[in-house]
Amino acid sequence: MAAKSQSKSSSGKSTRSNASTGKDVKGKKKVTVEEDDPDDETAVLAFKVLSEEQTKKLLTLEVEDMQKELCEIFKLKNYSTDLQEASTLDYYTGAVWWGKEQGLNPQQLSGLFTVVYNLFENVKEQHMNKVDNLKEFKAVMMGIEPEYPDVKSAGLDFFSVAQAKAIAQYINTSLFQHYNLYQFMFTHTQAEEIIGTDLSIEVAKPSTLPFPPPLHEGVQDDMYASFIATPPPTPPPVEGAEDTKSDQETPKEDEPTVPDIDAFNDLTVDDVREVIESVAKEMLGGLQNDLAAKLREKENNIIQRINKIHKVSE
């Protein structure tokens, strides 16, 4: 449950809250907010979600160890398969690492994380819209080095104005610019995919079977199939197949027999010579005409060149 704003500008009275940590049904860490005595004038948001020991320890860790520590603090055990837990852990880790890079002390880092945690829980648990969450953020940031003494602090008075501007810019770029994406993720159920793998295992044969022959006695497949392997059995003859085969082999009596006639037996030498001469004339006549035309063309070209030489010499 997200923490409510610590001050209201309309009433002019400041309210403060103390948070106690507990576990919800899923085993995740939650922050419950209890109202303090309204007469108390100091309200600090530091060490509400992260204790002082946890904050100091996080400041000494690298990013991978910091992620593991936050995973143990908030009981995020399924972050490797659950998208919501993964995004929550990623956002918390990014916020703590950013605070460490800014050189915040443990009190400031814990206060920053309280703000980040409350705003993120407003999206995650309460499904608060963007406008209302921006109002919550504005109310929390009030009272940091106020210009007027009647403006009460919301619990972050240990920040300077420059640090407050940097925090506002970071939360804007990390949360509010992706607000619709976070809303969609926390309001829809993640689809489950079951991935299976078929594994084929070849087991040893029983001991009752004979041992296979040694490898040095191995032969190629074609050699084995041609000379060693037992040939397949011959299929039994089908009844009626022989009768049909004999019927096909016997010539039909109705078909007339054509006698073998050799057309070249009656040809004489003169006939063969005449046939060859006629075929040669048909095939080589055109070739002879083409050669004669090319020779005439070359002859004309040579004569033209000779005439040009005579003209130049004169």
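Derivation of every value follows stated rules applied to the coordinates shown; laboratory data play no part. Please read all numbers here as calculations on a predicted model, not as lab measurements. Here the Cβ is made from the backbone with ideal geometry for all residues, glycine too, and neighbour counts use every protein chain on show.
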Next on the checklist: A 31 angstrom limit on the alpha carbon distance is what I want to check against. Which of K100/K130; K68/K124; K57/K130; K77/K165; K68/K152; K77/K138 exceed it?
Outcome noted: K57/K130; K77/K165; K68/K152; K77/K138
Item to check | Relative packing of peptides 56-69, 186-199 - highest average C-beta neighbours within 10 Å first | outcome: 56-69, 186-199
Item to check | Additional length obtainable on full extension of the chain from N307 to A139, 0.36 nm per residue less Cα span | outcome: 49.1 nm
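Hey, can you rank 120-127, 227-234 by average C-beta count inside 10 Å, highest first? Please report the intermediate quantities before stating the final value.
Values: 120-127: 17.5, 227-234: 7.0.
So the order, starting with the most tightly packed, is 120-127, 227-234.
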